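Novice: Mind having a look at this structure? Questions to follow.
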Amino acid sequence: MNGLPILSILLWWPLALAAATRMGGVRARGIALAGSLLELLLSLVTIRKFVNGSAAMQFVEQVPLLGGCTYHLGVDGLSLWFLPISAAFTLLLLVADPGDKGRMATILTLETCTLGMFLSLDLSLFAFWFMAEMWPSWQLIVTGSRPSPGYYWVYMASAGVALLAGVALLGFNHYRLAGTVSFDLDPLSAITLPLYTQKIIFALLFLACAVRIPVFPLHAWMPRVVEQTGPIGISVFLVGLKPAAFALMRFAIPLLPQAAVQLAPWLGALGFAGMLYAGLVALVQTDLRRMLAFACISHMGVVLMGLAAMNEAAFTGTLLQLLSLGVAITGLFMVAGSLYRRLGCTEATRMGGLMQRTPRLGLVFLVTALGAVGMPGTSGFNGEHLIMLGALTSHWALALGVGLATFLTAAYMLNYFQRAFLRPALDGEEPVADLDRWEGLAAGATCALVLGMGLVSSPFVQSMDSSTDALAVRVSGYSAAEPWFFPYIGHQNGKAD
């Protein structure tokens, strides 16, 4: 990039754009859309310049700060594709759900916080963006919520305290072993902590991320937020983008590899329980927003089972699953938003015959739902397939869980499609307008992503391979503990014992 700080530009441009949008007057939406398009193009330039075949960080920017903290940015195969996906989400959201200039500025601010978590290579910097993201999220929740969602602060503050405690312990132990305070990924990777200390810190970092992901049984805030706020907006960022799940692969597992492998059976058990519980709850939901909230929790169970497998195939599949889930869920929330604006609800029992009345809307729901299911040819297939392969290498129960998740997802998605779109219309129902020009543009782009990621997956896998292989090597020298709840096959040199 000839010295161009491309990552800092990508990080701070949405925040500058938010300020310009607030002062833009009647041109606010045009400013937001044009600036978001530029952000997307810059992220694609980063993809184009990225060198595959290396696990090293690229486009690195590092400036020392105070107290052992550093402004350290970089991308590798783990984080690369989250940049254009985040930029695309923001652009599609601004196209599909236009709001006032304050709302658009808040969405752009939220994009900066999200990108900060994906780009940070210093845990103190990651913690800063982790905490900062609460404020724009809160603003979007409050503007659309009926009751005051104070419970959101309770959950998020608890997650923040756990994260800060884990980061502080890492910095303290680096000072104890190396003589200097550091929160940077590279120096922290060079020290080896006792297993007991690793387990404590891993538990704190996992607790912080588990609330944000969310992981069962720390999930109760998400269905309430999604149901009480607007159908899209904050829901897309909280449900579609998962920097907390990514943080487990960026920080928790590589910095605490022995604890990660020792606790992997518990991750798998939590993932299986969350997948089954949330999938069954989603199956009985008649409101699309609540169904999507529980669908996300169920899919996060699959992500945890992928991480519990602790091998390269599962790590690559987990990243693909996170990307696919974001794209598919975004499309489904666009459908929910369109239905809510037309009908005032997303309740299947109050709908019927929508496929005849709104065929384009029905097609968007079907394509994105199949992406969430993992139908061959859609974005979800490759991720689920690789997680399944990695799970089979590790333990049969993980593979069973991934297969069951696919079955449950197909059941609740197609059940809603049948009830809302294919069931005959009720007598006396008024006509419903189909997607307008802007909604159709955003929905069409989302469907193209769902199909494109499924049919052309090699660029994603090629850029991830080296980084996921390095992560698998990092944990390969340790064997998993034997938990009491099922016989677990431990890991040795990346393969099952």
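Novice: State which residue is modelled with the highest pLDDT when the search covers only region 226-247 and only residues that are farther than 16 Å from Thr114 by Cβ and touching a helix residue (DSSP H, G or I) at 6+ places or on another chain (Cβ under 7 Å).
Specialist: As a first pass, look at region 226-247 and keep what is farther than 16 Å from Thr114 by Cβ: 226-231.
From the residues that got through so far, the ones that are touching a helix residue (DSSP H, G or I) at 6+ places or on another chain (Cβ under 7 Å) too are 226-227, 229-231.
Working: Val226: 76, Glu227: 73, Thr229: 65, Gly230: 60, Pro231: 54.
So, considering only residues that are farther than 16 Å from Thr114 by Cβ and touching a helix residue (DSSP H, G or I) at 6+ places or on another chain (Cβ under 7 Å), the one modelled with the highest pLDDT is Val226.
Novice: Of the residues in region 272-307, how many are aliphatic (A, V, I, L, M), over 12 Å from Met388 (Cα atoms) and touching a residue at least 60 places away in the same chain (Cβ under 8 Å)? Before the answer, list the steps.
Specialist: In the first step, residues of region 272-307 are kept if they are aliphatic (A, V, I, L, M); the result is 273, 275-276, 278, 280-284, 288, 291-293, 295, 297, 300, 302-305, 307.
Among the residues that remain, those that are also over 12 Å from Met388 (Cα atoms) are: 273, 275-276, 278, 280-284, 288, 291-293, 295, 297, 300, 304.
With touching a residue at least 60 places away in the same chain (Cβ under 8 Å) added as a condition, the list becomes 275-276, 278, 280, 282-283, 288, 291-293, 295, 297, 300, 304.
Looking only at that region, the number is 14.
Novice: Follow-up question, since we're still on this one. Considering every residue within region 178-196, establish whether at least one is at pLDDT 85 or above, buried (at least 17 other Cβ atoms within 10 Å of the Cβ), under 22 Å from Ala308 (Cα atoms) and small (Gly, Ala, Ser).
Specialist: Within region 178-196, not a single residue is at pLDDT 85 or above, buried (at least 17 other Cβ atoms within 10 Å of the Cβ), under 22 Å from Ala308 (Cα atoms) and small (Gly, Ala, Ser).
Novice: Say we look at region 169-208 and pick out the residues that are β-branched (Val, Ile, Thr) and in contact (Cβ under 8 Å) with a residue 60 or more places away in the chain; which of these is nearest to Ala244 (Cα to Cα)?
Specialist: First, the residues of region 169-208 that are β-branched (Val, Ile, Thr): 180-181, 191-192, 197, 200-201.
Next cut, in contact (Cβ under 8 Å) with a residue 60 or more places away in the chain only: 180-181.
On the way: Thr180: 27, Val181: 24 Å.
Taking the candidates together, the pick is Val181.
Novice: Which ones in region 59-86 are within 13 Å of Leu10 (Cβ to Cβ) and not aliphatic (A, V, I, L, M)? If you could, list the steps in order and put the result at the bottom.
Specialist: First, the residues of region 59-86 that are within 13 Å of Leu10 (Cβ to Cβ): 59, 61, 73-75, 79-80, 82-86.
Listed by number, the residues that qualify are Phe59, Glu61, Gly74, Ser79, Phe82, Pro84, Ser86.
Novice: Ok, one more. Any chance region 435-457 includes a residue that's surrounded by 12 or more Cβ atoms within 10 Å (Cβ to Cβ), touching a Phe, Trp or Tyr at 6+ places or on another chain (Cβ under 9 Å), modelled with pLDDT of 65 or more and assigned to a helix (DSSP H, G or I)?
Specialist: Looking for residues that are surrounded by 12 or more Cβ atoms within 10 Å (Cβ to Cβ), touching a Phe, Trp or Tyr at 6+ places or on another chain (Cβ under 9 Å), modelled with pLDDT of 65 or more and assigned to a helix (DSSP H, G or I), one finds at least one in region 435-457, hence yes.
Novice: Could you please find all residues in region 87-128 being more than 23 Å from Ser8 (Cβ to Cβ) and either over 17 Å from the mean Cα position of the chain (by Cα) or surrounded by fewer than 24 Cβ atoms within 10 Å (Cβ to Cβ) (or both)? First the steps, then the outcome.
Specialist: Within region 87-128, the first condition is being more than 23 Å from Ser8 (Cβ to Cβ), and the residues that meet it are 92-93, 95-103.
Within region 87-128, Val95, Ala96, Asp97, Pro98, Gly99, Asp100, Lys101, Gly102, Arg103 meet the criteria.
Novice: Return the pair list, or none, for Cβ contacts closer than 9 Å from residues in region 401-426 that are within 14 Å of Ala282 (Cβ to Cβ) to residues that are β-branched (Val, Ile, Thr) and not in a helix (DSSP H, G or I), at least 6 apart or on different chains.
Specialist: Matching pairs, first to second residue: Tyr412/Val284; Tyr416/Thr286; Arg419/Thr286.
Novice: On to the next question. Find the residue count for region 112-130, including only residues that are more than 18 Å from Leu188 (Cα to Cα) and polar (S, T, N, Q).
Specialist: Count: 2.
Novice: List the helices (runs of 4 or more DSSP H) that sit entirely inside region 148-228 and contain at least 2 residues that are in contact with a strand residue (DSSP E or B) (Cβ under 7 Å, 6 or more places away or on another chain) and closer than 23 Å to Leu121 by Cβ.
Specialist: Working: elements: 150-178, 185-189, 195-212, 221-228.
Of the helices (runs of 4 or more DSSP H) lying wholly inside region 148-228, none has at least 2 residues that are in contact with a strand residue (DSSP E or B) (Cβ under 7 Å, 6 or more places away or on another chain) and closer than 23 Å to Leu121 by Cβ.
Novice: Consider Thr349 against the criteria (1) in a helix (DSSP H, G or I); (2) under 21 Å from the mean Cα position of the chain (by Cα); (3) over 30 Å from Pro265 (Cβ atoms): it satisfies all of them except one. Which criterion is unmet?
Specialist: For Thr349, the failing item is (2).
Novice: Residue by residue through region 280-293, note down the ones that are crowded, with 24+ Cβ neighbours inside 10 Å and modelled with pLDDT of 90 or more.
Specialist: If the condition is that a residue be crowded, with 24+ Cβ neighbours inside 10 Å and modelled with pLDDT of 90 or more, then Ala282 is the only one that fits.
Novice: For the subset of region 155-170 comprising residues that are small (Gly, Ala, Ser) and surrounded by fewer than 21 Cβ atoms within 10 Å (Cβ to Cβ), which member is farthest from Thr197 (Cα to Cα)?
Specialist: Ala157
Conditions tested, residue by residue: (1) touching a Lys or Arg at 6+ places or on another chain (Cβ under 9 Å); (2) over 26 Å from His72 (Cβ atoms).
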| position | (1), (2) |
| --- | --- |
| Gly3 | no, no |
| Trp12 | no, no |
| Ala20 | no, yes |
| Ala32 | yes, yes |
| Leu42 | no, no |
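Novice: Filter region 26-72 down to the residues that are within 23 Å of Leu110 (Cα to Cα), in contact (Cβ under 8 Å) with a residue 12 or more places away in the chain and of a type in the set (Gly, Ala, Ser) and list them by number.
Specialist: Ala28, Ala32, Gly35, Ser36, Ser43
Novice: Something else now. From the list Thr316, Thr346, which one is touching a Lys or Arg at 6+ places or on another chain (Cβ under 7 Å), of a type in the set (Ser, Thr, Tyr), at negative phi and buried (at least 22 other Cβ atoms within 10 Å of the Cβ)?
Specialist: Numbers: Thr316 fails: touching a Lys or Arg at 6+ places or on another chain (Cβ under 7 Å).
Going through Thr316, Thr346 in turn, just one is touching a Lys or Arg at 6+ places or on another chain (Cβ under 7 Å), of a type in the set (Ser, Thr, Tyr), at negative phi and buried (at least 22 other Cβ atoms within 10 Å of the Cβ): Thr346.
Novice: Just to be sure I understand the filter: pairs with C-beta atoms under 6 Å, separated by 6 or more residues or on different chains, first member in region 150-168 and at pLDDT below 90, second member aromatic (Phe, Trp, Tyr) and in a helix (DSSP H, G or I). Which pairs pass?
Specialist: These pairs meet every condition: Tyr151/Trp221; Tyr152/Trp221; Tyr155/Trp221.
Novice: Collect the residues in region 436-476 that are of a type outside the set (A, V, I, L, M, F, W, C), more than 21 Å from the chain's Cα centre (by Cα) and over 30 Å from Leu263 (Cα atoms), keeping them in residue-number order.
Specialist: Correct list: Asp436, Arg437, Glu439, Gly440, Gly444.
The values are calculated or read from the model by the stated rules, or taken from the named source; none is laboratory data. No experiment lies behind these values; they were computed from the predicted model shown. Note: ideal-geometry Cβ built from the backbone for every residue, glycine included; neighbour counts use all protein chains shown.
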